[in-house]
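Report on the following structure.
The values are calculated or read from the model by the stated rules, or taken from the named source; none is laboratory data. Quick caveat: nothing in here was measured; it's all calculated off a predicted structure. No Cβ is skipped: glycine too gets one built from the backbone with ideal geometry, and neighbour counts run over all protein chains shown. For accessibility, only protein heavy atoms count, side chains too; no ligands or nucleic acids. Shrake-Rupley method; radii C 1.70, N 1.55, O 1.52, S 1.80 Å.
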Amino acid sequence: MITAGCDLGSLTAKAVILKDREIIAKEIMGVSARPEQSALTIMELVCGAAGINLENIDQLVATGYGRKHIPFVNSVESEIVCHARGAIYQAPGTRTVIDIGGQDAKAIKIDDKGEVIRYVYNDKCASGTGRFLEIIAEALDVPLEELGDLSQESTATLTISNQCVVFAETEIISLINEGREVPDIISALHRAFANRAASLARGIGVEEEVLMTGGVAKNQGMFSALAGALGIDLKAVSDPQINGALGAALIAEDNLTGKSKR
Amino acid sequence: MITAGIDVGSLTSKAVIMKDGKILSSIILKSKPRPWESADLAINGVLEKTGLSMKDINCCVGTGYGRDKIPFIHQARSEIACHAKGARWLMPSARTVIDIGGQDCKVMKLDEKGEMVKFITNDKCASGTGRFLEVMAKAMGVELSELGELSARSKNPVTLASACTVWAQADVIQHLNEMIPIEDIAAGINNAMASRVATLVSSIGIEKEVCMTGGVAKNSGVVSSLEKTLGIRIKKIRRDDPQLAGAIGAANYAETLLNGGKI
């Protein structure tokens, strides 16, 4: 049985193909302005990687920001439910998922079956979302993917006092003008960002084990800053960015096998 | 008796010279990165207009963001205190003062003697501050001062999806790409700004008369949108430039100091 999940986010599209509950292909790409086109492209990519055609997929479930704009799916599912489902598959001990996406941040409490107990969500304020790092990377003129590595070279502890992205950007510019080192600035930003994410998560009560997912989890500096802010041993998975798509693919399989309660 | 008030803000610096409670001259200029440079420029500029020199000033009080870094002042006073005092001078009947500065927003309640009874401020989030308008004007490629006029011509204001400056900016760019008339985008921006400020104002409670100070008070679009959102009339300050409120308040404090009063 072949099922697939497609997670159309604000910045990236992710797709996963499962064969009998095992991942046989996964892909991530940047999205274009048209969600429908992005969905088609990512599905062609992932099918190519799996060596199958779109018609070979028995069931496709979509999730993410652009999920309602994809014409060829069997059903859609909320990001919260997909992330919960993906997390329990990837790391069965997970009870709290902290997912930081391109334009939002979520904290989800789940039970041992991956059912959602409670969740909290921020998409109102850019601070504490992936957009924060994007803007900062631009202001510092370093590629987004390099922030994590650069922060590891930090030798001095600085503090960023502003939470607002707009004000933090100004603060960074004055730190640069004062002659501060870029790695120290990035490290301070990671801590500021992590505090924001941690306070969001505390809103639902953090229960271990805690798994960090979403593209931001790939940034090692952010990952350790969040672990530090929560004061816990944060869990990682090999590919945190595909967690939502994976959850969607698992739900697709549930739909077929009749396990779904929906 | 000649006093001076200087207000070094995040975006603009203001200075006034007062003689026996009347304004002799004033200046508003763009702030420099270093507060003391802004202060020097402002005081020299305002003195030049009057033909006076530094030694003619009996007392000078500083306020604003950079007040602790001004070398030549006799005393520094908080922005809240100076704005309340300056608003009282500009409009004695004011009981609620809404001051929107370059990087913050303050709402102050005054009693009939002009004493401040309550205040609330937002300097944590760029939304609802002058910075919000600055970012939007830049995204639109128009001057900050044009936003009010532009929005007055709007027939169908857009609705911005979020109060957050970052998200609203993305929204504005999308509206521009969709060829939506620039007036309608400008009106949407002013409405978003007003609704954010209204939340702050409502939390402290409104009492008449209501006036607005700070640079944003000169944006007619924000003022009328705020009037609509709050369902009140905002009395227009006519005695002098509302952006000078902080500097005027500082000069008033300087006079109190000279008269032997404690501030």
Checklist entry - Roughly how big is the A-B contact, given as buried accessible area in Å² (both sides, 1.4 Å probe, nearest 100)? => result 1000
Item to check | For segment A:143-152, Karplus couplings with θ = phi - 60° (6.51, -1.76, 1.60), whole Hz, Gly/Pro x | outcome: x, 3, 5, 8, 3, x, 4, 4, 5, 5
Checklist entry - Amide H to amide H under 5 Å from residue A:110: which residues, 5+ apart in sequence or cross-chain, H placed 1.01 Å off N in plane? => result A:96, A:97, A:117
Checklist entry - Mean separation of Cα pairs under 8 Å and 6+ residues apart, divided by the residue count of segment B:94-236: what relative contact order is that in percent? => result 30
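Quick one: compute the contact order of segment B:1-89, relative version, from alpha carbon pairs under 8 angstrom and 6+ residues apart, as a percent.
Numbers: 161 pairs, mean separation 26.0, N = 89.
Relative contact order, segment B:1-89: 29 percent.
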Checklist entry - To the nearest 0.05, what FRET efficiency results for residue A:174 and residue B:256 with a Förster distance of 41 Å applied to their C-beta separation? => result 0.75
Next on the checklist: Helix-only estimate, please: 222 nm mean residue ellipticity of chain B, summing -39500 (n - 2.57) across DSSP H runs of length 4 or more and dividing by its residues, to the nearest 500.
Outcome noted: -13000 deg cm²/dmol
Item to check | Derived scalar couplings ³J(HN,Hα) [segment A:89-103; Karplus, 6.51 cos²θ - 1.76 cosθ + 1.60; whole Hz; x for Gly, Pro] | outcome: 6, 6, 9, x, x, 5, 10, 10, 10, 10, 10, 10, x, x, 9
Checklist outcome for this item: Those residues in segment B:143-168 that give up at least 30 Å² of accessible surface, probe 1.4 Å, once the partner protein chains are present instead of the chain by itself are B:164, B:166, B:167
Checklist entry - Using a 1.4 angstrom probe with every protein chain in place, what is the largest-first accessible-area order of B:34, A:67, B:233, B:238? => result B:238, B:233, B:34, A:67
Checklist outcome for this item: Cα-based Rg and Dmax for segment A:93-236, in Å, come out at 14.9, 52
Checklist entry - Taking Cα atoms, how many degrees apart are the long axis of helix B:182-204 and the longest axis of chain B, rounded to 10 and kept between 0 and 90? => result 60
Item to check | segment A:93-236, relative contact order in percent, only Cα pairs under 8 angstrom and at least six apart counted | outcome: 31
Checklist outcome for this item: Mean accessible area per residue over segment A:149-212 (1.4 angstrom probe, all protein chains present, square angstrom) is 47
Item to check | Set of segment B:5-24 residues, backbone N closer than 20 Å to the point 7 Å along the Cα-Cβ line of residue B:75 | outcome: B:5-8, B:15-22
Checklist entry - When N is the residue count of segment A:1-126, what does its C-alpha Rg come to as a fraction of 2.2 N^0.38 Å? => result 1.04
Item to check | Filter on A:218/B:30; B:22/B:155; B:32/B:113; B:113/B:228; A:124/B:109 - keep pairs with C-alpha separation over 32 Å | outcome: A:218/B:30; B:22/B:155; B:32/B:113
Next on the checklist: Threshold 30 Å², probe 1.4 Å: give the residues of segment A:155-177, in number order, that are less accessible with all protein chains present than with their chain alone.
Outcome noted: A:164, A:166, A:167, A:170
Checklist entry - Nearest 10 degrees, 0 to 90: what angle lies between the long axis of helix B:220-230 and the longest principal axis of chain B (Cα atoms)? => result 80
Checklist outcome for this item: Scalar couplings 3J(HN,Hα) for segment B:109-116 by Karplus 6.51 cos²θ - 1.76 cosθ + 1.60 (θ = phi - 60°), nearest whole Hz, x for Gly and Pro, are 10, 10, 8, 5, 8, x, 7, 7
Next on the checklist: 5 Å is the cut-off here: which amide hydrogens, built 1.01 Å from N in the peptide plane, fall below it relative to residue B:213, excluding neighbours closer than 5 in sequence?
Outcome noted: B:98, B:99, B:100
Next on the checklist: For B:7, B:56, A:233, give me the order by solvent-accessible area with a 1.4 Å probe, most accessible first, ignoring ligands, DNA and RNA.
Outcome noted: A:233, B:56, B:7
Next on the checklist: Modelling each spin label as a point 7 Å along the Cα-to-Cβ direction, I'd like the residue A:11/residue B:142 distance in nm, to one decimal.
Outcome noted: 3.1
Checklist entry - Which stretch or stretches of segment A:174-205 have amide N atoms under 16 Å from the point lying 7 Å from residue A:138's Cα along the Cα→Cβ direction? => result none
Checklist entry - Can you give the accessible area of residue A:117 in Å² (nearest 10), computed on protein heavy atoms with a 1.4 Å probe? => result 100
Checklist entry - Amide H neighbours of residue A:101 under 5 Å, counting only residues 5+ apart in sequence or on other chains, H built in-plane at 1.01 Å? => result A:106, A:130
Checklist entry - When the accessible area of chain B is split by element with a 1.4 Å probe, what percent falls to carbon and sulfur? => result 49
Item to check | FRET efficiency for residue A:236 and residue A:116, using Cβ-Cβ distance with R0 set to 25 Å, rounded to 0.05 | outcome: 0.75
Next on the checklist: Can you give me the distance in nm between label points at residue A:74 and residue A:209, each placed 7 Å from the Cα along the Cα-to-Cβ direction?
Outcome noted: 2.9
Checklist entry - If you roll a 1.4 Å probe over segment A:93-236 with all protein chains in place, what percent of the accessible area is carbon or sulfur? => result 44
Item to check | Qualifying lysines (Cα of each under 22 Å from Cα of residue A:259; at least 8 residues distant if same chain) | outcome: A:19, A:109, A:113
Checklist outcome for this item: segment B:17-86 accessible area per residue, 1.4 Å probe, protein heavy atoms, integer Å², reads 53
